[in-house]
Ligand code: GLN
């Protein structure tokens with residue numbers, strides 16, 4: 001089909017691009033071959049983002065570290081395996097290695113890694129590397145950049161990533177692969193190192209939508225409750241969410257459903273608020289072209305309004321760091337992970353003392369915490385030296401931001417407001433979709449309660465320009481720009497909020513817990529000077545409409 005010019009095979013991608021630093025640790029080739037042979041035709045290779053636990057399952061060489069790309073967890077071996085890894089291995093996955101990421105999943109370019117930045121490299125004409133032209137290094141997106149690259153170059157058939165605010169979809173868009181974020185609570189997160197619990201999902205990256213559909217829908221992963229994950233939907237809740245949607249599930253035997261048949265009557269909404277000034281014209285063109293292809297295939301295209309879109313980004317960057325600061329409190333150098341040396345802790349104590357002498361305000365609570373432990377060391381000094389050395393820059397920024405917005409003087413103005421805006425974001429989506437949100441409750445009263453937004457700040461728009469539009473899916477770009485040059489990204493670190501901007505189209509679906517998939521469209525070399533020639537188009541569906549979302553995504557890619 002003509003919507004996506006990119007082919008689903010790895011060859012045309014891997015010949016053109018060489019990618020760097022995408023694995024943190026690898027399984028030995030002999031173990032991979034052995035496993036491949038054992039599993040026969042079911043076997044497929046799987047790369048696992050390094051914030052997902054892998055454990056000794058077959059032999060020692062399989063006992064890979066789980067580092068989250070943090071100095072804190074360097075050399076850490078999990079005693080257990082994440083449920084999602086076990087589930088995929090039961091379906092024929094051969095784990096090939098652990099992939100690089102932004103530390104603890106915090107970032108948009110996979111540059112905040114203690115192992116160095118992930119990059120995608122190509123010459124300035126988009127040709128083979130080594131033909132003598134200048135080599136350009138582009139961002140692979142983040143935070144699942146290593147997973148996206150492993151798939152893009154053919155090192156793995158499928159990769160696991162995590163998507164809290166776009167970390168599967170953004171790298172997929174930048175590297176030209178498919179990235180799927182499921183409905184919140186569908187796939188198990190047991191064994192996934194938490195970043196922001198109310199947003200975290202496990203996602204899949206692959207070169208075709210079908211590879212994702214085969215695992216998530218056809219093999220029944222979507223239906224499996226995990227008792228070890230408290231946010232995994234119970235069997236009863238899954239049943240309730242699926243009620244009335246049986247026909248939407250993928251039917252392997254249905255050979256009659258042509259693309260046209262599948263798209264006929266399906267209504268796609270184009271959210272007007274996503275057409276922002278900063279949108280790269282090549283992305284706007286690809287978006288418009290995709291809409292007209294869909295129309296020519298019998299689908300209906302209508303404009304929709306999601307007025308809360310512009311508030312979603314700031315809301316996300318209050319909620320995610322708040323949850324992160326709480327999650328990361330456990331890394332204290334006492335229970336596990338990295339611990340600062342005596343010498344460096346002493347140096348920290350000296351710096352703190354000097355700061356106090358110079359009149360800088362000592363940290364709150366320092367006095368009580370500063371009592372010596374039995375070894376004669378100050379706990380406070382141990383914590384601060386350990387956390388100061390163990391965490392990278394971006395993680396520290398998030399901890400500071402999160403601790404501030406949760407503090408008593410800021411809580412009401414930031415965290416509480418953000419939670420309210422999150423409800424408006426959900427309401428916007430629920431108004432746009434034809435299907436009701438199964439989480440809203442069954443009775444009208446229950447649903448009304450969810451929509452009671454009378455306590456909202458005045459600046460939040462309440463009115464929907466177009467009224468209820470009742471679409472099946474939303475079609476929009478995954479990111480406002482193509483993959484930027486890595487040097488520009490590293491330069492931008494002076495203004496970190498620029499990187500946050502890349503998440504503007506991915507965070508709304510995350511805040512609402514909705515399923516979304518990024519599918520690649522290749523931009524002609526001439527239209528993409530300097531390479532980085534992929535646009536990601538995003539399809540967003542109503543909660544638990546994952547099967548139909550993937551079906552439609554498969555039809556158009
Ligand atoms: N870029 C976003 C962040 O830094 C999203 C990360 C993610 O989805 N893990 O928070």
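Please treat every number below as a calculation from the coordinates, not as lab data. All figures in this text were calculated on a predicted structure; none of them were measured in a lab. For neighbour counting, all protein chains shown are included, and Cβ atoms are generated from backbone atoms with ideal geometry for every residue, glycine included.
Sort the following peptides by mean Cβ neighbour count (other Cβ atoms within 10 Å, averaged over residues), highest first: 380-386, 540-546, 271-277.
Values: 380-386: 22.4, 540-546: 27.1, 271-277: 15.9.
Peptide ranking by packing, descending: 540-546, 380-386, 271-277.
Taking each pair of different alpha-carbon atoms in the stretch 64-195 once, compute 1/r for the pair, average those values, and report the inverse of that mean as the Kirkwood hydrodynamic radius in Å to one decimal. Walk me through the intermediate numbers first.
Numbers: mean 1/r = 0.0646 Å⁻¹.
Answer for the stretch 64-195: a Kirkwood hydrodynamic radius of 15.5 Å.
Could you give the length gained by full extension between residue 264 and residue 302, i.e. 0.36 nm per residue of separation minus their alpha carbon distance, to one decimal place?
Values: separation 38, 0.36 × 38 = 13.68 nm, distance 1.43 nm.
So the chain would gain 12.2 nm between residue 264 and residue 302.
Report the FRET efficiency, 1/(1 + (r/R0)^6), for residue 488 and residue 65, where r is their Cβ-Cβ distance and R0 is 30 Å, rounded to 0.05.
The pair residue 488/residue 65 has a calculated efficiency of 0.45.
Just to be sure I understand the curve: with the Debye formula and one point per C-alpha of the stretch 297-349, what is log10 I(q)/I(0) at q = 0.27, 0.29, 0.30 Å⁻¹?
-1.03, -1.07, -1.09
Going by average Cβ neighbours within 10 Å, how do the peptides 34-45, 77-88, 173-184, 109-120 rank, with the highest at the top? Let's see the in-between values first.
Values: 34-45: 14.1, 77-88: 19.5, 173-184: 30.5, 109-120: 25.5.
Per-residue mean Cβ counts within 10 Å order the peptides as 173-184, 109-120, 77-88, 34-45.
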